[in-house]
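Below is one structure, written out as structure tokens, with a few remarks after it.
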Amino acid sequence: MLRNIIASATLAVGLVLAAPGITKAQQADPTMNIVETAVNAGSFNTLVAAVKAAGLVETLSGPGPFTVFAPTDEAFAQIPEADLNALLADKEALTAVLTYHVVAGEVMAADVVKLTTAETVNGQSVDIKVMDGKVMIDGAEVVTTDIQTTNGVIHVINKVILPGM
């Protein structure tokens, strides 16, 4: 078991370290906050629009630190358009979903794989599992890790995760 955890931690840390649009220089010496980094990457347009619609730009641009499990545009595209539009129009539900993707503090990949749960900013906890060498957050695969920002870290996930509402 310990051997599997160590192997998983090594795999998690060895995942691609930069999302599309994030240069290695920015990764090594971050100069942008979470929101600026997401905007600059170009692969989080829906997430950025949702953060704006929920009124969370100021919070996620603030001092933090925060850990964000960030779904890509492709992850949001898995949600039927009518459901996504309804979510974007419901500020309370949208805020609940978005804050479910955020953990207070900076939790790097090497630490994430040691956890089984993490309490999110919305007050509920996400389940964390290592399965077949992949780190899963509530069933979403972590596909990119440790994107450092001035106010925390972003881990890219391939699905939008939903709190028990």
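The values are calculated or read from the model by the stated rules, or taken from the named source; none is laboratory data. Computed from a prediction, not measured in an experiment: that's the story for all the values here. Glycine gets a Cβ as well: all are built from the backbone with ideal geometry, and neighbour counts include every protein chain shown. Calculation scope for accessible area: heavy atoms of the full protein, side chains included, ligands and nucleic acids excluded. Shrake-Rupley method; radii C 1.70, N 1.55, O 1.52, S 1.80 Å.
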Quiz prompt | Candidate set: segment 119-163, residues that are in contact (Cβ under 8 Å) with a residue 40 or more places away in the chain and among the small types (Gly, Ala, Ser); chosen: the one surrounded by the most Cβ atoms within 10 Å (Cβ to Cβ) | solution = 152
Exercise. For segment 88-106, enumerate the residues that are under 11 Å from the mean Cα position of the chain (by Cα) and either open to solvent by 50 Å² or more (accessible area, probe 1.4 Å) or closer than 14 Å to residue 50 by Cβ (or both).
Key: 98, 99, 100, 101, 102
Quiz prompt | When residues of segment 127-140 are limited to those that are out of contact with any helix residue (DSSP H, G or I) (no Cβ under 6 Å at 6 or more places or on another chain), closer than 15 Å to residue 156 by Cα and not in a loop (DSSP other than H, G, I, E, B), the one modelled with the lowest pLDDT | solution = 134
Self-check item: Tabulated pairs, segment 39-55, first farther than 17 Å from residue 97 by Cβ, second among the β-branched types (Val, Ile, Thr) and buried (at least 17 other Cβ atoms within 10 Å of the Cβ), C-beta under 7 angstrom, 6+ apart or interchain
Solution: 39/48; 41/22; 43/72
Exercise. Spot the failing condition for residue 84; the list is (1) surrounded by 15 or more Cβ atoms within 10 Å (Cβ to Cβ); (2) part of a loop (DSSP other than H, G, I, E, B); (3) modelled with pLDDT under 95, and only one is missed.
Key: (2)
Quiz item: Applying the selection to segment 54-70, what residues are over 20 Å from residue 157 (Cα atoms) and in a loop (DSSP other than H, G, I, E, B)?
Solution: 55, 62, 63, 64
Quiz item: Do we have any residue at all in segment 107-118 that's out of contact with any His (no Cβ under 6 Å at 6 or more places or on another chain), open to solvent by less than 10 Å² (accessible area, probe 1.4 Å) and assigned to a strand (DSSP E or B)?
Solution: no
Quiz item: Which one of 12, 7 is in contact with a strand residue (DSSP E or B) (Cβ under 6 Å, 6 or more places away or on another chain), in a helix (DSSP H, G or I), open to solvent by less than 70 Å² (accessible area, probe 1.4 Å) and modelled with pLDDT under 95?
Solution: 12
